[in-house]
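Asks: The structure follows.
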Amino acid sequence: MKHKKSGILLTAVIISLSLAFIITVAAVFNNIRNNLSSEVISSLEEEVEQNISLIRREIDDKFVVLNSLAKELSSYESDEAAVDKMKVFAEVYNFRRMGYVNLEGTAKTTDGFEKDLSFADFVKEGLSGKAYITAAVEDMLGDSDEKVNVISVPVYDFAQKVKGVMFAEYNSESFRNLIFSDSMQGEGSSYVVDTQGNIITSYGSDVSKDLPSIFSYIEGSKASDDGLRRKVLSNMAAGLEDSGVGPNREDTYFFYCYKPLKIESVDVQWYVFSAEPREVLTRRMKPIMNDIQYLIIIIVGLFIVSNIIHIYYNLKRRRELYQLAYVDPVTGGDNFVAFKQKIGNRPGFIVSLDLVEFKLINSVCGVEKGDEVLSEVWKILKENCRGDEICARVNADRFIIFFAEEEKEAVALRIEHLTGQIKTLSESLNIPRVFPVMGIYHTDSLENIDRCYGDALRAKSLVKGRRDKNYAFYDELDHDAIAMNQKLEESFDKALQNNCFEVWYQPKFDAHSEELVGAEALVRWRDEDGSLIPPGRFIPLFEKNGNIIKLDEYVFREVCRQQKQWEKQGIRCIPVSVNISRFSLYYSNVVDKYKRIIQYYEVEPQCVELEITESATIENTEIASLIEQFRDAGFKILLDDFGSGYSSLATLNQMKFDTIKLDKSLVDFIGNDSGEKLLEFIIRLAHSLSIKITAEGVEEQKQVEFLQQLDCDDIQGYYFSKPLMRKDFESKLERRA
Ligand code: C2E
Ligand code: MG
Ligand code: MG
């Protein structure tokens, strides 16, 4: 779910970034276009400005020439003489022809034509005393198809009356070359037009020679150009200038600029109209676009590369997480989580395997060697699994295997084979004994693997500590006992609340005087049916689930309460010892807690002694300090069950006990020579350390006698008394004098 969410988020971020990138690029692109458009328009304006001054100068120059010649002609009598004079000028100034028109309108030209031109505008204007310049018009004299531009000035006589008109004709082509500079670099075109848009002359790459009017260039396109046309016409009529972008007749947009062209020598109102095709912009943008393109490629490249890196690290992290989650770091194989995921749901056998005394390998040979052993064991397990079977390390030296077998016998065979292989490791790895123990559980469904594994573990407990057998099937377990255990565990709290736990007292007697000198408090569970459950039945269970701490405290409180009550009843106090399990000792505040309890009941600490088992002294390294603290608080400490298991005389030196309780198994040695010697030695040693001896489990008279001989201090056992209910025990207590 989390993955899906972050995936959606990532996609959203990528899409947003891409959109932002596209929008930015488009904005940059648009900005560049606008800037370039303005640049094109302003260069067009400059262009028009330049052309205007150029054209003005060229035309003014020509009129100066014509006017000065016209002055000379005023003295000429005949038309022929005037024409003769013009011939040299026509040649020098590269006119197509020059001519003189008399008052009747008859024109005579330098190239020999004579024709009535009284209809021509330039003649009419000239005769009325005005200089004139025509648009590109048909040749009125010759038979050439080429168009011409005619400039004309009036010729005056001495009385300053017009006596004729002098004109010069240009080939339109040469006129065009004459007045336009090549500043347009082959792009676009310039037109000299009158205020109606009629073309006087034009120049440039985009010029259609036959166009009569600038509006032929614009006309024919969409409705918007009508707007442009109207605007141009009204501006020109008002003598205004303008520039911008507009559509032309091919519907391709173009840049335009027009400005009025005033010429001193001739009274005409013209305009220079320049236009550049849209492609100019495209062409100018091209290098910039190329740069942007490279930039985009680089950015997109970086984006892709960073994405690839991101994906790579993501995959790597996922792999690492997978390793952490599913791979066992020691064996490199599956862990329990992976096992659960892969196993599926099918019938078969779940085997729980661990190694006997593996801790010993770790502490003797080092953790590295220990890891190597685990790795090798895993390899063996893996080799012993078929394709549809699976194994994994659960933790520490615990493994789980799934055998897809149907018969117990087949599993037993495979287990024996496996055991043989694992045993060989001690030799190949040069380490102490490697020995596996296994519990096996057959299941039809693997839906609850934890439960199956738990049952396999339970089966394994049957062979823990055994030398003759290293595996057991779950069905070998005593299921009634298991169910009973479960019931006991579940009903503990209720039993404690309802005072179902009774404290019984087993008296202790002075070995010599055989007087009652103390007692041991022993707990019993009164079942609902009134029967008694012995402590051996439930204490080990409560030691496993931790309830023993509550139970020990309960018994201790009961004894304190009882001692106080006896005191109030005037009964002489004899010490009662209470058992404290090693689990109760794991609590750091155990001493404080017990001190508070005796304070609460106002009982002297000598009245409640504490029995700590021998195994507790071995397991808890802080035990010596705890014993010290208890003794400082005034408690007497008894070492219980001495000689039952891990007998260590050294502990007598390391820890200060007030009394040693000899275990029944030692007392039972009485009658055996070496056993008796051992007992004698222990008692002597204890006495030399000022430790008292209480013998437990004394059942026979000869045992009493022998212990008396050895100067044993106290005796506890069936010989004198079994554990007694409170009131039976109470009846044996003496009243204070
Ligand atoms: P323990 O502390 O060594 O107690 C002595 C056990 O030996 C008692 O068994 C007692 O009934 C038994 N016993 C005494 N004299 C003889 C004898 O002459 N012959 C035989 N065959 N047995 C004798 P019990 O009462 O069944 O207690 C068993 C163990 O349960 C105790 O061994 C003690 O370790 C534990 N226990 C009992 N009450 C408590 C308790 O309140 N807390 C804790 N932590 N453990 C307790
Ligand atoms: Mg005891
Ligand atoms: Mg004991």
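Asks: Could you please find all residues in the stretch 576-599 being in a loop (DSSP other than H, G, I, E, B) and within 16 Å of ligand 2 (Cβ to nearest atom)?
Replies: Listed by number, the list holds a single entry, S581.
Asks: Shifting gears a bit: Can you give me the number of residues within the stretch 712-725 that are open to solvent by 80 Å² or more (accessible area, probe 1.4 Å) and in contact with a helix residue (DSSP H, G or I) (Cβ under 8 Å, 6 or more places away or on another chain)?
Replies: Residues meeting the conditions: 1.
Asks: A further question on this structure: More than 13 Å from ligand 1 (Cβ to nearest atom) and in the same structural domain as R572 (by TED's automatic domain parsing) - does that describe any residue in the stretch 714-723?
Replies: Within the stretch 714-723, not a single residue is more than 13 Å from ligand 1 (Cβ to nearest atom) and in the same structural domain as R572 (by TED's automatic domain parsing).
Asks: Could I ask something else about it? From the list I548, I539, exactly one residue is crowded, with 20+ Cβ neighbours inside 10 Å and either in the same structural domain as L707 (by TED's automatic domain parsing) or away from ligand 2 (no atom under 16 Å from the Cβ) (or both). Which is it?
Replies: None of the others qualify; the one that does is I548.
Asks: Restricting attention to the stretch 122-169, which residues are in a helix (DSSP H, G or I) and of a type in the set (F, W, Y)?
Replies: Hit for the stretch 122-169 is F122, nothing else.
Asks: Cβ contacts < 7 Å: first residue in the same structural domain as Q506 (by TED's automatic domain parsing), restricted to the stretch 570-599; second residue acidic (D, E) and away from ligand 2 (no atom under 16 Å from the Cβ), any location; separation 6+ or different chain. Result?
Replies: From the stretch 570-599, the pairs are R572/E734; C573/E567; R582/E619.
Asks: What number of residues within the stretch 448-470 are open to solvent by 30 Å² or more (accessible area, probe 1.4 Å) and either modelled with pLDDT under 90 or in contact with a Gly (Cβ under 7 Å, 6 or more places away or on another chain) (or both)?
Replies: Of the residues in that region, 10 qualify.
Asks: So is Q701 polar (S, T, N, Q), modelled with pLDDT of 90 or more, away from ligand 1 (no atom under 16 Å from the Cβ) and open to solvent by 30 Å² or more (accessible area, probe 1.4 Å) or not?
Replies: Answer is no for this residue.
Asks: Can you pull out every residue in the stretch 569-613 that is under 17 Å from F729 (Cα atoms), touching a Gly at 6+ places or on another chain (Cβ under 7 Å) and open to solvent by 20 Å² or more (accessible area, probe 1.4 Å)?
Replies: Residue satisfying the conditions is P575 alone.
Asks: Taking only the stretch 336-350 into account, find how many residues are open to solvent by less than 10 Å² (accessible area, probe 1.4 Å) and either on the phi > 0 side of the Ramachandran plot or more than 26 Å from the chain's Cα centre (by Cα) (or both).
Replies: 5
Asks: It is to be established whether one or more residues within the stretch 664-675 are over 28 Å from C500 (Cα atoms), modelled with pLDDT of 95 or more and open to solvent by less than 20 Å² (accessible area, probe 1.4 Å).
Replies: There is no residue in the stretch 664-675 that is over 28 Å from C500 (Cα atoms), modelled with pLDDT of 95 or more and open to solvent by less than 20 Å² (accessible area, probe 1.4 Å).
For every residue, the table says whether it meets (1) in a helix (DSSP H, G or I); (2) touching a Leu at 6+ places or on another chain (Cβ under 9 Å); (3) within 11 Å of ligand 1 (Cβ to nearest atom).
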residue	(1), (2), (3)
E528	no, no, no
E543	yes, no, yes
I549	yes, no, yes
E553	yes, no, yes
Q565	yes, no, no
I574	no, yes, no
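Asks: So which residues in the stretch 94-127 are polar (S, T, N, Q) and open to solvent by 80 Å² or more (accessible area, probe 1.4 Å), if there are any at all?
Replies: Once the filter is applied, which keeps residues that are polar (S, T, N, Q) and open to solvent by 80 Å² or more (accessible area, probe 1.4 Å), the stretch 94-127 yields only N94.
Asks: So which residues in the stretch 511-520 are more than 14 Å from ligand 3 (Cβ to nearest atom), under 16 Å from L638 (Cβ atoms) and either in a strand (DSSP E or B) or polar (S, T, N, Q) (or both), if there are any at all?
Replies: Within the stretch 511-520, just V517 meets the criteria.
Asks: Collect the residues in the stretch 727-737 that are part of a helix (DSSP H, G or I) and in contact with a Pro (Cβ under 8 Å, 6 or more places away or on another chain), keeping them in residue-number order.
Replies: F729
The values are calculated or read from the model by the stated rules, or taken from the named source; none is laboratory data. A quick note: this is a predicted structure, and the numbers were derived from the prediction, not measured. Glycine also receives a Cβ, built like all others from the backbone with ideal geometry; neighbour counts cover every protein chain displayed. Note: accessible area is taken over every heavy atom of the protein model, side chains too, but ligands, DNA and RNA are not part of it. Shrake-Rupley method; radii C 1.70, N 1.55, O 1.52, S 1.80 Å.
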